[in-house]
Amino acid sequence: MASGLKYADDYLIGGPARARVTPNFLLTEYARADGTVRVHRELLAAVQRVRDELGTGVSIAGVAPRGGLGAGIEGRFVWLKAADPVALADAAHRVARDGWLARVEPRGDLIYAEMHDPSKLPALAAERALDLAIAVTAAFETRGDPYLQVTGNFDGAGLSFGPLQVNLGTGTLQALFRRFAARDEAALRACFGALWDEWQRMLRLPSRAAQVRWADALSRGPRKAGFDPAWTQALQAVGRQPVFRAEWLRYAYDTYGRKLVVALAWLKGVRPIPIRNFRCLAALFDLCVQQGSLDKAHAAIRRRIERENPQDEFALTRIAVEERGRTANAQWRADCISRRLCILEREPVRVIESGQSAQRDNPQLHLLRNAPVHQMERWLA
């Protein structure tokens with residue numbers, strides 16, 4: 001999302017005309033006849049979801065009421081157009097069933113799309129919320145199809161792979177591939193082809209350090225961010241398999257989702273403010289993926305809660321992510337905090353910490369609905 005966008009009460013009201021408000025749409029596309037803009041950010045997100053669902057171009061055909069539709073709800077509806085109106089309507093109805101839209105009405109070759117009352121956004125199902133949180137975190141780590149991302153030893157982790165960049169250095173890549181093998185070893189072997197035996201030898205090396213050295217020798221480029229093409233092709237073949245994509249999500253639920261539950265339980269014990277909003281949960285999930293837990297910051301979080309007396313879940317979450325970020329290595333502290341605040345605020349936030357400056361952005365910020373998560377106790381059910 002481009003910087004310079006201006007919001008008021010969650011309505012986009014201005015910014016550079018060519019600024020990208022979501023991955024496939026510019027601010028100018030939402031302008032009214034007089035050039036002004038007023039569109040709720042949840043509607044911007046819903047339109048992007050329709051475009052993603054359709055998989056091809058969608059045009060904004062208007063933001064003014066017509067035919068009795070849209071009167072009195074300025075900024076909460078839009079008219080859409082695509083080459084195939086039937087396919088567009090089907091895509092919009094699927095997005096509506098997922099809770100992003102309240103109403104979808106075909107009118108000739110146009111589709112009328114209306115969002116829910118912003119004060120009454122429907123709750124997200126727990127499993128769906130975790131899917132979206134994974135997509136947001138993956139967008140910090142990768143570009144393009146996150147399941148096809150292969151990264152070399154630029155950071156000392158050896159080999160990193162996939163949406164959450166599991167890696168040899170932490171042992172997470174080894175754990176994931178054990179799950180893949182248990183799910184369908186024949187399919188996994190087919191992805192590697194002639195490299196299978198060497199892959200197995202690498203996994204049997206006596207230490208993670210030895211495995212990282214193996215990956216370092218295959219890393220490419222001036223910073224070693226790339227990886228040997230033959231191995232990259234094999235790993236990407238794994239990432240294309242639906243059976244392994246499904247297992248990846250289950251791994252994320254089992255590994256990082258459980259860490260999130262632990263973090264939520266600890267925060268509740270310190271300050272019993274329910275954390276239900278998806279933005280707060282997504283920020284804490286991102287923390288669990290990148291930093292593991294709140295453990296190293298328990299004392300600092302307690303002190304700050306006592307000092308500041310937070311009254312809502314956003315203030316409590318902000319304390320947690322900022323204090324845990326400050327326990328990271330000095331060079332990464334600003335980056336850690338900026339990532340989490342970017343999620344909480346749904347826009348880039350510049351952070352200066354320990355002499356370092358960071359302002360992280362994320363192309364999937366539109367996924368961060370300002371809605372509660374339903375049945376949080378079933379987040380990992």
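The values are calculated or read from the model by the stated rules, or taken from the named source; none is laboratory data. Just so you know, these numbers come straight off a predicted model, no measurement behind them. As a convention, Cβ positions derive from the backbone with ideal geometry for all residues, glycine included, and neighbour counts pool all protein chains shown. These area figures cover heavy atoms from the full protein model, side chains too; ligands, DNA and RNA do not enter into them. Shrake-Rupley method; radii C 1.70, N 1.55, O 1.52, S 1.80 Å.
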The computed P(r) of region 60-125 puts the percent of Cα pairs beyond 20 Å at 25 percent
Provide the gained length on full extension for the span R258 to R143, in nm with one decimal, where the gain is 0.36 nm per separating residue minus the Cα-Cα distance. 38.8 nm
Once Lys and Arg are counted +1 and Asp and Glu -1 for all other residues with Cβ under 12 Å from that of S160, the total becomes -1
If amide H atoms are modeled at 1.01 Å from N in the peptide plane, then the residues at a separation of 5 or more from A61, or on another chain, having amide H under 5 Å from its own are W79, L80, K81
Rank P85, P122, P242 by mean-square fluctuation in a GNM of the chain with C-alpha springs under 10 angstrom and give only the top-ranked residue. P242
Percent carbon-and-sulfur accessible area, region 292-375, ignoring ligands, DNA and RNA, probe 1.4 Å: 41 percent
Where both residues lie in the chain, what percent of DSSP beta bridges are antiparallel, nearest 5? 95 percent
Selection from P229, W248, A263, by position along the positive dipole direction of region 216-264 (Cβ): A263
Under a cut-off of 28 Å between alpha-carbon atoms, report the lysines in cross-link reach of K268, not counting same-chain residues fewer than 8 places apart. K120, K259, K296
0 to 90° range, to nearest 10: angle between helix 208-218 axis and the chain longest Cα axis: 70 degrees
Label model pair R276, T327: point-to-point distance (7 angstrom along the Cα→beta-carbon line) in nm is 2.9 nm
Could you look at region 175-248 and say what percent of its accessible area is carbon and sulfur, using a 1.4 Å probe and all protein chains? 52 percent
Helix 278-291 versus the longest principal axis of the chain: what angle, 0 to 90°, nearest 10, using Cα atoms? 20 degrees
Looking at the chain as a GNM with Cα springs under 10 Å, which of E306, E42, E323 has the largest mean-square fluctuation? E306
Viscosity 0.890 mPa s, temperature 25 °C: what is the translational diffusion coefficient of region 304-381 from Stokes-Einstein with a Kirkwood Rh over Cα pairs, rounded to a whole number of µm²/s? 177 µm²/s
Once normalised by the length of the chain, the mean sequence separation of its alpha carbon contacts under 8 Å that are 6 or more apart gives a contact order in percent of 15 percent
GNM on the chain, C-alpha springs below 10 Å: top fluctuator among R369, R324, R183? R183
Stokes-Einstein, Kirkwood over Cα pairs, region 105-260, 10 °C, 1.306 mPa s; D in µm²/s equals 92 µm²/s
Can you work out the accessible area per residue across the chain, with the rest of the protein chains kept in place, probe 1.4 Å, in square angstrom? 44 Å²
Euclidean distance between Cα centres, region 15-42 to region 185-207, Å: 49 Å
Residue-count net charge about E53 - beta-carbon cut-off 12 Å; Lys, Arg +1, Asp, Glu -1: +1
Distance in Å, no decimals, from the C-alpha centre of region 244-283 to the one of region 156-180 is 20 Å
What part of the accessible area of region 1-88, given as a whole %, is carbon or sulfur when the probe is 1.4 angstrom? 47 percent
Just to be sure I understand: if I project the alpha-carbon convex hull of region 1-128 onto a plane and average over all orientations, what area do I get in nm²? 7.9 nm²
Stretched fully, the stretch from V243 through I73 gains (0.36 nm per residue minus C-alpha distance, one decimal, in nm) 56.8 nm
Angle, helix 41-54 long axis vs. longest principal axis of the chain, Cα atoms, 0 to 90°, nearest 10? 70 degrees
So how much slack lies between A209 and R250, counting 0.36 nm per residue of separation and subtracting their Cα-Cα distance, in nm? 12.1 nm
